[in-house]
Each structure stands twice: as C-alpha cells, then as structure tokens.
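What follows is one structure encoded as structure tokens, with my remarks underneath.
Every number in this text was worked out from the coordinates using simple rules, so none of it is lab data. Bear in mind the structure is a predicted one, so any value in this text is a computation, not a measurement. Cβ atoms come from the backbone with ideal geometry, glycine included; neighbour counts cover every protein chain shown.
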Amino acid sequence: MGRSIRSGVQRGLRAVEGVAGARRAPAYAAGVGLLSTWLGLALQQEWSLPLLQVLGGSVFLWGNILVGRRRRAAFQVCLWGAGMAVAMLTATCAFPLASRNAVWHGEAYAVRIHSWILSGRGPDADPRVYVPQRGRDLGILVCASAVTGGVGGLAVGAVLLNDASFCAGALMREARRPLPATLLAWPPWVLLRAAGYLLLVVALTDLFYCRLGRQVVPAPRFWVVAGSGLLLASLDVLMQFLAGGAWQRMMAGLL
C-alpha cells in the first residue's frame, strides 16, 4: 500500500515537472491562469475561484522548483498571474454580476477606488493608511509562503490580484471613454506589486524546498529573486506616492 502511494506520488511529480518543463509551458501557464479563473467564476462560489487558480499555479511553481529551474518558475508564475488578470478583466466587463458574486472583496475594493477617483480622498490618497496596509498584506504573503511552501502565498496573491483585476474591469465598464480607460484602469504600481509578490513566493518556495531536503540555500541565488520581489514591492508604494494623484485625476476625467 505504502509503495503504491509513493509510486503514485512520484508519477504525479514527474508529470508536474514535465508540464512545467515543456517547450510550450509559458503558454500553458497563461492558459491555466485564464481557464482556472473563468471556471472559478462560472462555479459562483467564493472559495472555488482562488482554489482552482492556486491548483493551476502550483503546477508551474513546484514543477520548476523541484528541478532547480528558478528563473522559469518566476517567469511562468508571472504569466499565470497575467492570465488570471486578463480573465478577470474580461469577465468583469462582460458578466459584472457573476464576477461580483465570485470575488471575495472585489466590490468593496472597487467602491473604495471609485470613491477615491471621484473625490480625491480616501485610504488610497493617504500614505499613512495604505503603507501599513501594504505591509500587512506583504507580511501575510511572506508568512503563508514560508509555512506552506508557496501554496499559501499563491492563494494570498490570487485573492489580491482578483480584487485589483475586478476593480480595473469595473472602471473600464463604467468609463465614458473606454479606450483610454482600458490603458489606465490598471495603475502601474499595482503591476509592480503583483510581480513583486509573485517573485517573493518563488523565492520562499525555493527556500522551503531546500530546508525540506536539508540543503543549504546559496545566498546569491535566494536574494536575487527575493531582492527583486522586495524592490518591486517597495517601488509599488513609492510610485503610488509620486503618481497616485495624477492617475486619480486622469481617471476622474474618464468616468
């Protein structure tokens, strides 16, 4: 019984490594992000959306980490996130009610951003509010990644990305001038944050795997990925501080 279980696990791991190592793996990663998001939205259950997304993303995260392909892991996980963002944007524009029912905090987040755009006031206009919020989110993502081997970090990242993508789709749908709104609906600092968080998940998954196998993690290898993630997360806050007001005024002219 135990031997058959181990054999099944080994076959599953080889299959995961094969998918992540395939020539078309980048296209697979983006496609899995798209399809898992659309399927999760179709099921109309709040828990099913991030669950399906994380199941798909874990294939490309662990499928590469297990064989030491860290750059491929970072690239494919970012493509997975891009696929989810595109899927949520299109679904929110085409099926707003279904998207609203399936995204945990999407509507509340969209209302908050919409209020900031129209009034110029709110939590996103005050760094004393949004900087601690970013620190909280980053801390949760780091802890979840470190404890679960990246799976929890993917879940946290998926939830945050779904909220931001739903908000962007809602802004595009409400805009009087759809084309400019399409170009501006995703603030640039949100893109930096998403990429930075996903890079941190990859770095912490690598650390988890090395510790699991009682291996020493070479410092340069870990800090190149982790440092890049932290840099992008820092630039997220800096860019919102410097450009948030300009973005808010431009979006206000489109709504």
Inside segment 175-201, the number of residues satisfying the requirement of being among the hydrophobic types (A, V, I, L, M, F, W, C) and in a loop (DSSP other than H, G, I, E, B) is 3
Of the residues in segment 42-76 that are among the charged types (D, E, K, R) and not in a helix (DSSP H, G or I), the one that is surrounded by the fewest Cβ atoms within 10 Å (Cβ to Cβ) is Glu46
| What do you reckon, is Cys210 within 30 Å of Gly68 (Cβ to Cβ) and exposed (fewer than 15 other Cβ atoms within 10 Å of the Cβ)? | no
All conditions in (1) out of contact with any Pro (no Cβ under 7 Å at 6 or more places or on another chain); (2) aliphatic (A, V, I, L, M); (3) surrounded by 15 or more Cβ atoms within 10 Å (Cβ to Cβ) are true of Leu79 except (1)
Residue hits (segment 90-132; part of a helix (DSSP H, G or I), touching a residue at least 12 places away in the same chain (Cβ under 8 Å) and closer than 19 Å to Val156 by Cα) are Ser99, Arg100, Asn101, Ala102, Gly106, Glu107, Tyr109, Ala110, Tyr130, Val131
Can you find a residue that is in contact with a helix residue (DSSP H, G or I) (Cβ under 9 Å, 6 or more places away or on another chain), in contact (Cβ under 8 Å) with a residue 60 or more places away in the chain and within 24 Å of Ala125 (Cα to Cα) anywhere in segment 221-236?
yes
* To do: Assess whether Leu89 counts as being of a type in the set (A, V, I, L, M, F, W, C) and closer than 25 Å to Leu242 by Cα.
  => no
